[in-house]
Amino acid sequence: MKAVVYERYGPPEVLELREIDKPVPKNNEVLVKIFATTVTAGDWRMRKADPFLARLFNGLFKPRKVKILGFEVAGVVEETGKNVEAFRKGDHIFASCGFRFGGYAEYTCLPVNDQIAIKPTNMTFEEAAAVPIGGLTALRLLNAAHRGPNEKVLIYGASGSVGTFAIQIAKAFDAHVTTVCSTGNVNLCRELGADEVIDYRLTDFTKTPNQFDVILDAVGKISKSISRPLLMPGGRYVTVSGSPKAGKNDLLELKTLIESGKVRTVIHRRYTLEQIREAHAYVESFRKKGNVVVNIVP
């Protein structure tokens with residue numbers, strides 16, 4: 001099968017398209033024919049070993065544990081391990097690969113007890129592939145912080161993958177949503193349901209007279225100390241730099257929100273597996289809105 005591998009840390013040029021052996025599923029795994037994957041911050045940071053702690057996970061001097069990146073996928077089950085009962089050949093699925101990665105290939109094996117579910121019926125493969133990482137992160141942060149309807153939620157960095165999902169999920173939770181973004185993303189935030197939008201190029205969001213029940217930092221760029229004056233008594237600050245608690249049914253909760261029409265995927269650019277270097281360079285430039293998708297099957 002075709003797969004993008006990397007043997008050393010560095011710029012996008014370290015990514016190489018090769019022919020390698022097709023994997024075989026273990027007893028509790030499914031073999032998935034991948035239709036689409038994405039480029040996330042986790043992918044390029046692992047490729048570049050940025051932060052340095054990535055080397056402690058994946059090899060000090062060169063990649064050892066993970067050589068095929070790709071954090072999330074959507075595709076079709078081609079084969080099941082002998083102990084698998086929840087999925088069958090032909091099922092359309094979407095999944096987070098977790099820290100195994102493996103999405104930059106024509107096939108991958110996924111454990112069925114991880115974040116894998118039947119694809120939402122109202123999404124294409126490329127739309128579904130972009131859900132697990134940004135969508136799960138946004139959902140978990142909001143589940144950790146949100147207490148009930150009519151809460152005021154501020155989302156900082158609202159135009160990225162986590163932010164675009166967070167806007168929609170917060171609205172689905174009946175929150176009043178204020179977003180902070182750049183001028184070029186104001187309309188996008190409004191289209192996704194934001195009640196108020198602060199353009200940080202024109203206004204210092206920390207000077208707003210409003211206070212919030214929840215402040216969600218979707219890009220890991222503001223601190224709790226900066227946010228504290230904007231929080232109501234008992235208000236909660238959550239950030240992607242933290243580790244929101246995972247729930248067993250998180251992906252199914254997202255699927256329900258999607259199929260109810262309350263959440264959709266924002267796709268900024270599309271690439272092929274052969275264009276993976278270009279896709280990485282673009283995402284690393286911090287210019288993307290929503291998600292960047294890589295189509296494996298045209």
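Annotations for the structure displayed:
- For the residues ILE169, ILE155, the requirement of being more than 16 Å from ILE258 (Cβ to Cβ) and at pLDDT 95 or above singles out ILE155.
- Every residue from region 109-147 that is outside any helix (DSSP H, G or I) and hydrophobic (A, V, I, L, M, F, W, C): CYS109, LEU110, VAL112, ILE116, ALA117, ILE118, MET123, ALA130, VAL131
- Yes/no for VAL214 being hydrophobic (A, V, I, L, M, F, W, C) and over 25 Å from ASP114 (Cα atoms): yes
- Residue check, ALA95 in contact (Cβ under 8 Å) with a residue 24 or more places away in the chain, buried (at least 22 other Cβ atoms within 10 Å of the Cβ) and under 15 Å from the mean Cα position of the chain (by Cα): yes
- Failed item, numbered, when LYS48 is tested on (1) out of contact with any helix residue (DSSP H, G or I) (no Cβ under 8 Å at 6 or more places or on another chain); (2) surrounded by fewer than 19 Cβ atoms within 10 Å (Cβ to Cβ); (3) at pLDDT 95 or above; (4) closer than 24 Å to SER161 by Cβ: (1)
- Evaluation of ILE276 against the conditions (1) surrounded by fewer than 19 Cβ atoms within 10 Å (Cβ to Cβ); (2) closer than 25 Å to ARG45 by Cβ shows that the sole unmet condition is (1).
- The number of residues in region 40-62 that are in a helix (DSSP H, G or I) and either among the aliphatic types (A, V, I, L, M) or outside the structural domain of PHE286 (by TED's automatic domain parsing) (or both) comes to 5.
- Pairs are defined by a Cβ separation below 6 Å, a sequence spacing of at least 6 or placement on different chains, a first member in region 269-298 that is at positive phi, and a second member that is modelled with pLDDT under 95; no pair meets this definition.
- Of the helices (runs of 4 or more DSSP H) lying entirely inside region 223-298, none contains at least 3 residues that are modelled with pLDDT under 95 and not assigned by TED's automatic domain parsing to the domain that holds LYS171.
- Of the residues making up region 198-231, those that are aliphatic (A, V, I, L, M) and surrounded by 14 or more Cβ atoms within 10 Å (Cβ to Cβ) are ILE198, VAL214, ILE215, LEU216, ALA218, VAL219, ILE222, ILE226, LEU230, LEU231.
- When THR256 is tested against (1) surrounded by fewer than 17 Cβ atoms within 10 Å (Cβ to Cβ); (2) touching a residue at least 40 places away in the same chain (Cβ under 8 Å), exactly one condition is not met: (2).
- Hits in region 168-191 - residues which are buried (at least 24 other Cβ atoms within 10 Å of the Cβ) and either in contact with a Gly (Cβ under 6 Å, 6 or more places away or on another chain) or in a loop (DSSP other than H, G, I, E, B) (or both): ALA175
The values are calculated or read from the model by the stated rules, or taken from the named source; none is laboratory data. Keep in mind it's a predicted model, so treat the numbers as computed, not measured. A quick note on method: Cβ atoms are made from the backbone with ideal geometry, for glycine too, and the neighbour counts reach across all protein chains shown.
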